[in-house]
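Enquirer: Before I ask anything, here is the structure I am working with.
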Amino acid sequence: MKRLVLLFLLISSIVTAQDSIRVNLKSPNSTVYTHLYFLQKDSYQPENAAKVILPNATEDPQKAVIMLKQILDGKGLFVDFKTIPKSTNYKDSINFSTALSKYVLFPERMPLISVEKVNGNWYYSAETIQNLDKIYNDVFPWYVLKLEELVPNFGHEKLFDIEIWKFIGVLILLFLSFLLHAIFKRIIYFILKKIHTYFVKNDGLAIANVLKKLAHPISLLIAFSFIAKIFPSLQFSLEVNKAVFLGLDISTTVFWIYVFLKLVQVIMHVYAEFTEKTHGKLDDQLVPILNNFLTGIVILVGALKMLTLFGFDATTVIAGASIGGLAVALASQDTVKNLIGTFMIFLDKPFHIGDWIEAGEVVGSVEEVGFRSSRIRAVDTSIYQIPNSKLSELVINNKGLRLYRRYKTNLGLRYDTPPELIEAFVKGLREIIIAHPQTRTESYNVEFSGFGDSALLIMVNVYFKSLEWGTEQSSKHRLHMAIVKLAKALGVDFAFPSSTLMIENFPEKKGLDMKYNIDQKRIDLVIEKAVEDFNKNEE
């Protein structure tokens with residue numbers, strides 16, 4: 001009898017020792033492991049798994065732990081025990097404002113499922129237990145689970161170790177998803193077109209094609225969300241659910257990237273239409289720059305999201321991207337400076353496309369403002385490529401913003417020109433400038449300005465109305481020809497560097513004496529005819 005009692009005590013102690021080894025609530029890792037281990041097929045002991053629930057937290061702890069496992073399996077959430085902390089005194093100092101003895105298993109997909117430390121042991125949190133029914137109903141809608149009861153007996157027969165009704169359910173789910181996609185594609189396109197027409201008032205073919213392409217992925221996203229909502233109710237294994245949800249997450253991310261890329265195209269198309277209506281052309285150059293910038297941001301964020309889907313920690317990825325971005329910025333300071341210079345040019349707008357500017361030693365017309373540098377075409381048609389960082393620091397003389405083009409020159413008459421002809425020449429020049437259609441008649445100067453080394457100086461200061469360089473040169477040509485004709489008609493000679501030897505007393509020789517006709521009537525007739533001929537040439 002004593003031997004039987006000793007054998008019973010030995011067996012009991014062994015079982016108790018095994019339970020004490022297996023049921024471990026000293027850390028988040030051991031608690032989650034205890035929960036899932038005792039619900040596996042080869043170690044199914046729900047009474048031990050239920051110990052991870054805080055006593056008196058629920059009336060049926062075994063049902064609670066089974067529901068928790070079904071939720072994780074239904075969403076394809078594979079628990080990686082390598083990432084769960086093993087420290088008894090673990091505190092979450094990242095996700096909470098104050099450090100708490102709490103660990104959330106899946107912060108992004110299941111933020112309400114967590115474990116917390118109570119009285120030295122780790123249990124599933126009170127928040128998890130309180131929201132358990134809600135989480136379960138979200139994962140397994142009642143209206144889908146009820147359909148399983150309608151499945152006939154043959155549907156529960158297995159094919160490849162999977163019940164036949166699940167295959168049928170997948171086919172029905174795919175059909176319904178395709179139907180939703182087809183319906184919502186037309187609805188979304190109609191809504192987007194109405195929004196575009198309301199705000200832009202322009203129904204262009206290009207924007208219509210972009211909206212069609214935008215409606216397609218949005219409707220697919222709705223179909224994917226429908227599949228994600230219904231698929232857990234088909235009760236496939238954890239491995240199948242994990243693969244399906246990974247595929248859905250990847251597809252959803254790809255289509256979101258596509259949606260935002262098309263959305264960037266729509267925004268840039270609308271902005272391009274707006275810039276075409278503005279006076280300046282600098283805004284037109286901003287369209288491709290913004291397009292490339294926004295496209296880069298969408299692709300970068302999408303790539304970071306894709307990395308998190310393959311198991312990379314979001315915080316680590318963002319921190320790595322920040323450090324990498326800082327390293328790249330330090331290694332390419334010139335590029336960063338040029339980028340800042342580009343933004344400064346677009347903010348300050350010191351010039352517009354087509355303006356004639358002087359920037360340091362470079363003089364020419366602005367052709368393009370790029371992401372890194374600007375192109376300026378000189379008079380000889382050569383191209384200057386100036387980094388925007390340097391261009392933003394230079395003193396820029398924007399001649400394209402001038403109201404008029406000023407032209408100033410000095411005409412040199414011979415020193416022996418009579419005062420009457422000097423006055424007549426100046427008067428005739430004034431009349432020609434007034435008659436010139438490209439000069440400002442209210443602002444000009446023609447005066448006898450001084451005495452040069454070998455000429456009497458006549459200052460001519462005029463303003464041409466046209467700002468185009470070619471038109472200015474043509475206007476100068478017409479003005480110059482009129483001046484030459486006037487001088488010839490009056491008998492006025494232009495001086496050039498020369499030396500004249502005057503001999504006053506020489507036997508039988510006379511001194512140099514230029515013959516000028518200073519008859520006033522003839523002078524008036526000459527000026528009148530010169531202006532008349534100028535007007536005829538203009539016509």
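Enquirer: Search the range 39-76 for residues being free of Cβ contacts under 8 Å to residues at least 60 places away in the same chain and either within 21 Å of Thr88 (Cβ to Cβ) or among the β-branched types (Val, Ile, Thr) (or both), and hand back the single one that is surrounded by the fewest Cβ atoms within 10 Å (Cβ to Cβ).
Expert: Pro55
Enquirer: Go through the range 390-401 and give me each residue that's part of a loop (DSSP other than H, G, I, E, B) and buried (at least 16 other Cβ atoms within 10 Å of the Cβ).
Expert: Scanning the range 390-401 gives a single hit, Ser392.
Enquirer: Which of the residues that make up the range 402-450 are loosely packed, with under 15 Cβ neighbours inside 10 Å, under 16 Å from Ser475 (Cβ atoms) and over 53 Å from the mean Cα position of the chain (by Cα)?
Expert: Answer for the range 402-450, where residues must be loosely packed, with under 15 Cβ neighbours inside 10 Å, under 16 Å from Ser475 (Cβ atoms) and over 53 Å from the mean Cα position of the chain (by Cα): just Ile434.
Enquirer: Here's another thing I want to ask about it. Are there any strands (runs of 3 or more DSSP E) wholly within the range 283-389 with 1 or more residues that are at pLDDT 75 or above and touching an Asp or Glu at 6+ places or on another chain (Cβ under 6 Å), and if so which?
Expert: 362-369, 373-377
Enquirer: I would also like to ask the following. When you scan the range 17-79 for helices (runs of 4 or more DSSP H) that lie fully inside it, which ones turn up with 1 or more residues that are in contact with a Pro (Cβ under 9 Å, 6 or more places away or on another chain), among the acidic types (Asp, Glu) and under 30 Å from Phe310 (Cα atoms)?
Expert: Ranges flagged: 61-74.
Enquirer: Which residue out of Glu447, Glu468, Glu420 is more than 27 Å from Leu401 (Cα to Cα), free of Cβ contacts under 8 Å to residues at least 40 places away in the same chain and not aliphatic (A, V, I, L, M)?
Expert: After applying the criteria, what remains is Glu447.
Enquirer: Also: Any residue in the range 258-269 that's in a helix (DSSP H, G or I): show its pairings with residues that are among the charged types (D, E, K, R) at Cβ separation under 9 Å, as long as the two are six or more apart or on different chains.
Expert: Tyr258/Lys213; Lys262/Lys213; Gln265/Lys213
Enquirer: Conditions first: (1) at pLDDT 90 or above; (2) β-branched (Val, Ile, Thr); (3) assigned to a helix (DSSP H, G or I). Ile113 passes all but one, so which condition is the exception?
Expert: Checking Ile113 against (1) at pLDDT 90 or above; (2) β-branched (Val, Ile, Thr); (3) assigned to a helix (DSSP H, G or I), the one that fails is (3).
Enquirer: Turning to a different aspect of this structure: Conditions: (1) over 30 Å from Val426 (Cβ atoms); (2) at pLDDT 80 or above. Arg406 meets all but one. Number of the miss?
Expert: Exception for Arg406: condition (1).
Enquirer: If you don't mind, there's one more thing I want to ask. Of everything in the range 51-69, what is at pLDDT below 90 and either within 26 Å of Lys242 (Cα to Cα) or of a type in the set (Ser, Thr, Tyr) (or both)? Give them in sequence order.
Expert: Correct list: Thr58 only.
Enquirer: Follow-up. Is it true that Lys465 is at pLDDT below 90 and assigned by TED's automatic domain parsing to the domain that holds Arg414?
Expert: yes
Enquirer: Here are the criteria: (1) in a loop (DSSP other than H, G, I, E, B); (2) touching a Gly at 6+ places or on another chain (Cβ under 8 Å); (3) at pLDDT 80 or above. Tell me which single one Val492 does not satisfy.
Expert: The single condition Val492 does not satisfy is (2).
Enquirer: Sticking with this one: Does Leu525 qualify as being over 60 Å from the mean Cα position of the chain (by Cα), more than 19 Å from Leu411 (Cα to Cα) and at pLDDT 80 or above?
Expert: yes
The values are calculated or read from the model by the stated rules, or taken from the named source; none is laboratory data. Because the structure is a prediction, the values reported are computed rather than measured. Neighbour counts run over all protein chains shown; Cβ positions are idealised from the backbone, glycine included.
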